[in-house]
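Taken together, the values in this text are just the output of simple stated rules run on the coordinates, not laboratory data. It should be emphasised that the depicted structure is a prediction, and the values quoted were computed from it without experimental measurement. Every residue, glycine as well, gets a Cβ built from its backbone with ideal geometry; the counts of neighbours run over all protein chains shown.
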Amino acid sequence: MERKLILTVLILAIVALATQALVWVFAPRDNGNEFVGPPRSDYTLTDFTLNALGDDGALSFTVSGPRLARKEDDGSIFVATPNYEIVDNSQNLWKGTSDSAWVNKDGTIMRLEGKVDMHRLATAKVDPVQLLTSDLTITTTPKDKKSTTPAPTEKKLQTDALTTITDPNRIAHGVGMKADLGLKTVELLSDVHWISLPTHHAIIQK
């Protein structure tokens, strides 16, 4: 009798182990999120120069630097310590630097991150200007795909940081700024100070 009981218990144990093995083999598995971490780079460039054209085919901006990474998930690009040249709404050239930069896939949003130092080059029509700020966003009006008449693109500037604008006649600074690139319209949002300069004051261009 005792022998039968032991045999029965052994058979039940074997059946239980076999059932557990079948459940483990055939049960669906949840792999979860297999990728953990920042989005992968589609490609990277070193010691590069990138020319971006607007919808009209004209040069919109040029950016160069030691490293560029294009993000696979959204097509945006990240640039380390960039040097850039941007054409403003009046076709004047600006040169500048920042700690880093991010540009969306369409090139309509450019975020200059960290310290930003921009200079408008003087011409026969415009004076030189220096713009110092940080974390500056430059937006370009996207093309209206429904319109058959091409409209000129407009570039706008916006930052919440302290901004200083210097030209041969004045120094203006304040916290927070909204402006067009070309500075025909400038709005300093708070703590605004304005200093008039002697006519011989000069701006050092880079």
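List of remarks:
- Summarising the label geometry, the points placed 7 Å from Cα in the beta-carbon direction at residue 59 and residue 171 lie 3.2 nm from one another.
- Annotation for the range 52-131: GluC sites (Glu not before Pro) lying in DSSP loop with at most 15 further Cβ atoms inside 10 Å of their Cβ are 72.
- Computed lengthening from residue 72 to residue 156, 0.36 nm per intervening residue step minus Cα-Cα distance: 27.5 nm
- Each other residue within a Cβ distance under 10 Å of residue 112 adds +1 if Lys or Arg and -1 if Asp or Glu, for a net charge of -2.
- Entries of 71/155; 105/184; 125/184; 155/178; 71/178; 105/125 with Cα pairs more than 22 Å apart: 71/155; 105/184; 71/178; 105/125
- Qualifying trypsin sites (Lys or Arg not before Pro) for the range 87-142 [loop in DSSP, other Cβ within 10 Å: at most 16]: 105, 125
- Spin-label pair residue 194/residue 93, simplified geometry with 7 Å Cα→Cβ offset, distance in nm: 3.2 nm
- Percent RCO, i.e. relative contact order, over the range 63-195, from Cα pairs under 8 Å lying at least 6 residues apart: 16 percent
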